[in-house]
Amino acid sequence: MLHQTLKKNTQRKKQKMYRLFALITVVVLFVYQHPVYSEQYVVVDTENGDRLTGTWRGATETHFEIEYQGQILRLPLAGHSISFTSSLSHVADRTAAKYYRNGLMLLELGLPEEAKSRFEAAIAELPKYPAAHYQLGLLHKADGDNANAFERFRSVAILDAANYDLVPFFQELGDAAFASGDYAVAVDNYQLILTYYPEHSVIPALSYLTGFLLVERLENVIAGLPILASAVRQYPDRSEHERAFFLMGKLQAETDQLEEAIYTLQGFVVRYPVSEWVYEARLIRAEVNLKLGKVIEAASEAGLIYESSIDETVQERAKQILDQTRWIVYTDADGLPDNQIQTIANDGTRLWIGTPKGIMLFETAYDKWLPIEDEPQLINTAVETIPDVRAISVDSQEVWIGTRSQGVIHYNKLTSEIQTYSPIDGFPGWVRDISADEMEIWFATDIGMIRQIRGSVDPPLVYNTQNSHLPANDIETLVLTPNRIWCISVEGIVGTFNREIEEWYTYHSTGLREGMTIVGVDVAADQLLFTWFNADEKSNGYFRADLDGGSGRPTTLHTGVDDESKLRNIYIRGDLDTSPIPVIEEEPVIEGEIEEGMAEEIVEEIEVLPEEVETEDFLESEFFPEMEVIEEEPLPPIPEVPLVLWIATNDMFYTHQTRSADAWTYTTTPRIVAGGLMAIQSFVVANNRAWIATANGLVTINVQ
């Protein structure tokens with residue numbers, strides 16, 4: 001019994017000595033690790049259960065001082081338990097403190113699981129108990145439970161970072177997560193260091209690393225950009241500065257912080273003139289200038305890049321920017337009724353524009369935007385509500401306007417009279433296209449084709465699948481030729497009406513491969529121009545045929561396009577090519593080298609084509625018919641009439657003179673229009689300019 005008593009006394013003495021040593025250690029660590037904090041609250045618990053709360057004033061190896069109720073108290077370390085806090089709200093009550101002390105005692109006895117329960121009980125009593133959170137964090141870390149360790153250390157940082165150096169823990173946990181590819185967890189740890197230990201020596205490197213992870217790995221630009229910007233400003237001498245400086249300008253441009261991007265990229269180019277990112281920075285700066293409407297600055301920058309770079313990719317991007325500077329974009333800010341331009345029609349030097357909010361007319365003769373208000377005002381007020389204009393047909397004497405839900409409006413230019421053909425009168429409500437000549441007016445509608453014979457007092461004739469051989473009722477577009485009417489349904493079925501015998505047929509051509517869907521048709525000189533797409537082959541293009549639909553042959557324009565809407569949005573216009581025929585002097589060919597020379601010449605011509613024109617498809621087009629392998633009956637000869645073709649897609653605008661295989665020019669279509677990327681709806685070529693109706697505004701370019 002005496003031995004057991006002595007043993008217990010010895011253990012108590014050891015525990016007291018341990019607590020005294022631990023207290024001295026804590027005090028010394030506090031003194032040496034936290035010199036920057038001028039004032040800290042201290043909680044002193046005595047062995048008899050009393051508690052003092054005051055302001056810490058310092059300590060020696062045997063005593064400590066606190067300011068308590070206006071007096072300085074000097075107390076011995078022995079017999080007192082000391083804890084520090086940055087807020088009095090963190091001061092534990094007796095119950096919480098008891099649980100905490102019991103937890104420490106259990107740790108001394110080597111019972112970590114029992115200690116955990118005491119620390120958790122202390123937190124249950126006082127959720128804002130930094131010391132208990134800290135001890136639990138240490139225990140979870142010792143168990144390899146990094147997730148729970150992080151949560152406890154995070155609570156400590158939030159509650160009382162000043163009294164706990166958690167940087168080694170957060171960095172260790174963050175580095176482990178980074179190594180395993182768990183970048184979100186790594187960033188969580190690093191950001192706690194950046195937030196609660198802003199003066200620590202690891203902050204410069206960690207600022208760059210955290211910013212890079214956020215914007216590049218996690219694609220969280222909103223959170224990452226301010227961190228990168230702060231690092232660039234505060235730590236300009238680190239090796240990461242160049243990359244971060246460039247990335248900062250790039251991200252500002254991508255998030256439409258345009259003026260900031262210009263400033264940042266200018267600073268980057270000046271500081272790092274030979275950087276691997278300098279051309280990219282200058283290209284982005286040119287693009288931003290374009291967005292800001294600074295066309296001259298954008299063109300100047302892009303031109304310098306094009307001339308100074310030897311990188312073909314850089315040159316191509318510079319050319320695209322230069323192409324963009326050639327376009328003029330008109331939106332509702334310029335007076336358009338709506339940015340959704342649904343149709344457009346040429347009227348000499350004037351253009352009629354149809355939108356969901358009515359029709360508009362403007363003059364183009366002076367290369368200026370000159371709206372004409374009187375005639376559109378008459379038309380827009382001719383029906384009860386402003387018309388949703390889907391089709392326009394115009395000549396020197398009249399204008400026909402097709403609407404969605406309100407039928408057709410006819411405007412007589414000579415008399416200024418207006419007549420409406422509405423659903424109330426039995427006319428189809430939705431009119432998608434209109435085409436007229438001296439004999440007839442034809443309407444493409446959602447219930448078939450409507451034919452109005454000029455001079456007739458009879459009601460219009462209606463053709464549909466029930467009363468004729470019209471191949472479909474839902475008609476998208478049409479054109480008139482002297483002998484035929486051509487129409488295309490929404491599904492891409494082509495119908496043709498023989499005007500002599502007045503019969504409908506479904507059009508088929510050996511020039512159309514299986515899977516091709518026709519989306520548009522136009523007439524140029526004595527030829528038909530169809531546009532098509534093939535969803536299975538991810539391609540689109542056009543083919544020319546004579547006015548009866550014969551002698552057609554397709555040409556592929558784009559391949560490898562996954563977006564069907566982009567494939568569908570292909571429009572073609574044409575005109576007779578009256579430009580002088582270039583004289584080509586044939587060079588003498590040495591006998592025995594004819595085939596090789598011809599092959600080289602062909603390759604040379606192909607290489608000047610735009611990238612979008614696939615070489616293989618191009619060789620199989622109308623320009624090299626002799627190279628196409630046909631197992632069945634050969635296709636008819638291609639039309640010989642030389643045309644100038646203009647082809648517009650969402651991404652490119654092409655000019656092609658058909659008399660020469662390599663007579664292609666192209667320019668990228670505007671990327672910067674109201675609402676986003678350009679989505680083309682239609683276009684016309686008038687007065688040496690192409691006018692393109694898009695879902696995001698009206699764009700125009702000089703085609704000369």
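Using the beta-carbon distance between residue 501 and residue 415 and R0 = 45 Å, what value does 1/(1 + (r/R0)^6) give for FRET efficiency, to the nearest 0.05? It would help to have the intermediate numbers written out before the result.
On the way: r = 36 Å, r/R0 = 0.81.
The pair residue 501/residue 415 has a calculated efficiency of 0.80.
Between residue 565 and residue 659, take the C-beta separation as r, use R0 = 30 Å, and let me know the FRET efficiency to the nearest 0.05.
For R0 = 30 Å, the calculated efficiency reads 0.35.
What does the extension gain come out to for residue 474 and residue 307, with contour length at 0.36 nm per residue minus their alpha carbon separation?
54.9 nm
Please give the net charge around residue 641, taking every other residue with its beta carbon less than 10 angstrom from that of residue 641, where Lys and Arg add +1 and Asp and Glu add -1.
Neighbourhood net charge equals -2.
Using label points projected 7 Å from each Cα along Cα→Cβ, tell me how many nm separate residue 151 and residue 74, to one decimal.
The answer from the label model is 4.8 nm.
What does the charge count near residue 685 come to, summing +1 for each Lys or Arg and -1 for each Asp or Glu among other residues with Cβ under 10 Å from its Cβ?
+1
Go through 244-250, 185-191 and give me the packing order, highest mean Cβ count within 10 Å leading. Walk me through the numbers on the way to the answer.
On the way: 244-250: 23.9, 185-191: 22.0.
Top to bottom by mean Cβ count within 10 Å: 244-250, 185-191.
Using a Förster distance of 45 angstrom, determine the FRET efficiency expected from the C-beta separation of residue 98 and residue 239, and round it to 0.05. Working shown, then result.
Values: r = 53 Å, r/R0 = 1.17.
FRET efficiency, residue 98 to residue 239: 0.30.
At a 10 angstrom cut-off on C-beta neighbours, averaged per residue, how do the peptides 646-652, 213-219, 679-685, 195-201 rank from highest to lowest?
646-652, 679-685, 213-219, 195-201
Calculate the length of the line joining the C-alpha centroid of the range 490-556 to that of the range 220-270, in whole Å.
Answer, in whole Å: 52.
Place the peptides 493-505, 336-348 in order of packing, highest mean first, counting for every residue the other Cβ atoms within 10 Å and averaging per peptide. Before the final figure, lay out the partial values.
Numbers: 493-505: 15.5, 336-348: 20.4.
Put in order of decreasing packing, that is 336-348, 493-505.
Relative to the present Cα-Cα distance, how much length would full extension add between residue 143 and residue 374 at 0.36 nm per residue of separation?
Full extension of this stretch gives 74.9 nm more.
Where a number appears in this text, it was derived from the coordinates with a stated rule and is not lab data. Remember, predicted model here, so these are calculated numbers, not experimental data. Every residue, glycine as well, gets a Cβ built from its backbone with ideal geometry; the counts of neighbours run over all protein chains shown.
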